[in-house]
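FYI, it's all coordinate maths here, none of it is from the lab. Everything numeric here is computed off the predicted structure, so don't read it as measured data.
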């Protein structure tokens, strides 16, 4: 009798553990859709290259680093290496590209030389005084590492696309012109650079004539995103879709609190943390485009993005700022000089305490999302 009791108890326990969490009926449509969507985000992104030459990924915050684990999975895949091989990043001034590609194509560097080069590239990567997010260091190190096992014609090419200045030789007048000129036309200039470079690739002997484009937030929106008066907003994505209308796709990587937490709750119910699918013909695509709240609009997600990549829930996001060794005694005064110059242009007076600079930028700082408890509560309210 005791054995029968234990057997029944075991069956009940296994059954209860396998049951999905109870949830509000408002998320039924998402849950039902996701039950048949077990294709990993990586495979979804790579499959888009079968009919597209350019695939744009819309990043989360630059400092959120788990998304770059997904990107590394994509670019290290044999399919990407064979068929795509080219990456355009928003992060990084375009003037870095010869040096950046020389580095990621180099082989068998001593570890200390790899670190020195990564730090040197990061220090001169941005037109603002310093790019202090870990992502630039991380992406470059990952590409260098992947390339070590590849032949020269297989190696991944990297193209930083942002507008550029001569960081340590520019004067106030030149910086003011840049601030009131190139910055105002940044999306246009980035898109033109991508298009010009991509056209060179297409007209070259390079066998791989496709590219992954990684842009943050609105820069990845397509040309359907418009002003309330119907005027098109020329983000980078809009320019690329206009130039290559039939061979461009864009994918949104899940961010924080989408649709008041309903989307994350649905993924929790089906126990999926890695999935990709088209917005079209999905309940997700039919939802109001609440990622943009600054102007009134009737856009749906499927109007602005080709597809969706869900990779990890907000509770697992990691914000990483700073890089070990980014600030040292040889660089701190250079950094201060840059800040002072920018302060003159922008009418600011930035505190430049050495201890604060070393603490914030000179070492790797890892933390969860701010207000993660509140974020989790918004998601969990759809679960019973």
- prompt: What number, rounded to the nearest 500 deg cm²/dmol, is the helix-based mean residue ellipticity at 222 nm of the chain, given -39500 (n - 2.57) per DSSP H run of at least four residues and division by all its residues?
  reply: -12500 deg cm²/dmol
statement: One point scatterer per Cα, no solvent, Debye formula: log10 I(q)/I(0) for region 255-384 at q = 0.09, 0.11, 0.21 Å⁻¹ comes out as -0.47, -0.64, -1.14
- request: Please find, in a Gaussian network model of the chain (springs between Cα atoms separated by less than 10 Å), the residue of 325, 276, 211 whose mean-square fluctuation is greatest.
  value: 325
message: I'd like the distance between the alpha-carbon centres of region 359-384 and region 170-246, rounded to an integer number of Å.
response: 31
field: Enclosed volume per residue, in Å³, of the convex hull spanned by Cα atoms of region 66-200
entry: 117
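Over region 27-380, what is the relative contact order in whole percent, taking alpha-carbon pairs under 8 Å and six or more residues apart? The partial results should precede the final answer.
Working: 605 pairs, mean separation 93.8, N = 354.
This gives 27 percent for region 27-380.
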query: Quick one: what Rg and Dmax do you get for the chain from the alpha carbons, in Å?
result: 23.1, 90
- prompt: Kirkwood Rh over Cα pairs of region 224-326 into Stokes-Einstein at 25 °C, 0.890 mPa s: D in µm²/s?
  reply: 158
field: C-alpha long axis of helix 134-147 to longest principal axis of the chain, angle in °
entry: 90
query: Hey, in the GNM for the chain with a 10 angstrom Cα cutoff, which one of 212, 46, 150 fluctuates hardest?
result: 150
- prompt: Say we join alpha carbon atoms closer than 10 Å with springs in a Gaussian network model of the chain; which of 329, 125, 76 then has the biggest fluctuation?
  reply: 329
message: Compute the helix-to-body angle for 111-123: its Cα long axis versus the longest principal axis of the chain, expressed 0 to 90° and rounded to tens.
response: 80
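Sorted from largest to smallest, which semi-axis lengths in Å does the alpha carbon gyration tensor of region 38-94 give for its equivalent ellipsoid, taking the root of 5 times each eigenvalue? Kindly include the intermediate steps, with their values, before the conclusion.
Working: eigenvalues 72, 44, 22 Å².
Its equivalent ellipsoid spans semi-axes of 19, 15, 11 Å.
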